[in-house]
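Asks: Take this structure first; my questions come after.
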Amino acid sequence: MTSARYLVVVAGAEPATTDALATALRDDGTVRTAYSTDALLESLDAEVDVVVVDSDLPDGPLGPLLAAVREHDHDCQVGVLAEHAAVPEARSDDVDAVVRRDESAVRESVEWLATRARYRQRLDEYYELAEERATLSDESDGEERKRLDRVERQLDALRRDLAAGFRRLDDESVFDAALSPRDRSLESDDADDADSDDADDAGSEDAGSEDDDR
């Protein structure tokens, strides 16, 4: 799934540290570096598979920067370099992985994130081709038959790629990769709403109990 070189953006406020990580990653993929929040956002485009952001990059909270990365809607995977396993000032659906500031840990995490990114990309390609296949008739001939054969070959190749990616990812990763950032955000919002409803119901029950006691 990641046999083709992936593209990763490494962003950090300290050029020496950022460059060292970028050098470690260049054996596996193509790397862009950014030393400011503006440079990071300018480096994003549809070719980027993974973004690795040092939590020390922004002057203020990290959350708004990660949200801005997601708003670019290029569907890349986002890792955060941090000392702790969670980034409290960021929404969970804006962070795909929290990574130690260690070259081997970064390389391992970026490969995993790139696999997730490519899996998502292949799924999008598969769904698009499946829709095209649905418009073609098995009894077609001539140019339409050639088009049908081409689409079916591409679908077969994508099935093999997806199966290879599936074997490299755990179930949760496959599920998350299959959802766009917008889908994950909606799912998170739905969960929050459900929790709020449960709390409201519990509050109503408590109020009813108090009334009964009176």
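Asks: Can you work out the accessible area per residue across the range 44-164, with the rest of the protein chains kept in place, probe 1.4 Å, in square angstrom?
Replies: Here the residues of the range 44-164 average 54 Å² of exposed surface.
Asks: Taking the full set of protein chains and a 1.4 angstrom probe, give the accessible area of L41 in square angstrom, rounded to the nearest 10.
Replies: 50
Asks: Using a cut-off of 13 Å between beta-carbons, work out the net charge of the residues near K146 (Lys and Arg +1, Asp and Glu -1, K146 not included).
Replies: Cβ neighbours under 13 Å give a net charge of -1.
Asks: Now a separate question. What residues have an amide H closer than 5 Å to that of V98, excluding those fewer than 5 places away on the same chain, when H is modeled at 1.01 Å from N in the peptide plane?
Replies: Here the answer is V80, since their amide H atoms fall under 5 Å of that of V98.
Asks: Just by accessible area at a 1.4 angstrom probe, what is the order of T37, T30 from largest to smallest?
Replies: T30, T37
Asks: Going by a ≥ b ≥ c, the root eigenvalues of the Cα gyration tensor, does the range 68-145 fall in the rounded group (a/c under 1.5), the prolate group (a/b larger than b/c) or the oblate group?
Replies: In terms of gyration-tensor shape, prolate.
Asks: What does the highest-first list of 98-111, 7-20 look like by mean Cβ count within 10 Å?
Replies: By packing density, highest mean first, the sequence is 7-20, 98-111.
Asks: Only Cα pairs under 8 Å and at least 6 apart count here; give the relative contact order of the range 16-112 as a rounded whole percent.
Replies: 25
Asks: Out of the total accessible area of the range 45-105 (probe 1.4 Å, heavy atoms of protein only), what percent is carbon and sulfur?
Replies: Roughly 48 percent of what the probe reaches on the range 45-105 is carbon or sulfur.
The values are calculated or read from the model by the stated rules, or taken from the named source; none is laboratory data. Just so it is clear, the structure is predicted and the values come from calculations on it, not from any experiment. Reconstructed Cβ throughout: ideal geometry from the backbone, glycine too, with neighbour counts over all protein chains shown. Keep in mind that these areas ignore ligands, DNA and RNA; they rest on the heavy atoms of the full protein, side chains included. Shrake-Rupley method; radii C 1.70, N 1.55, O 1.52, S 1.80 Å.
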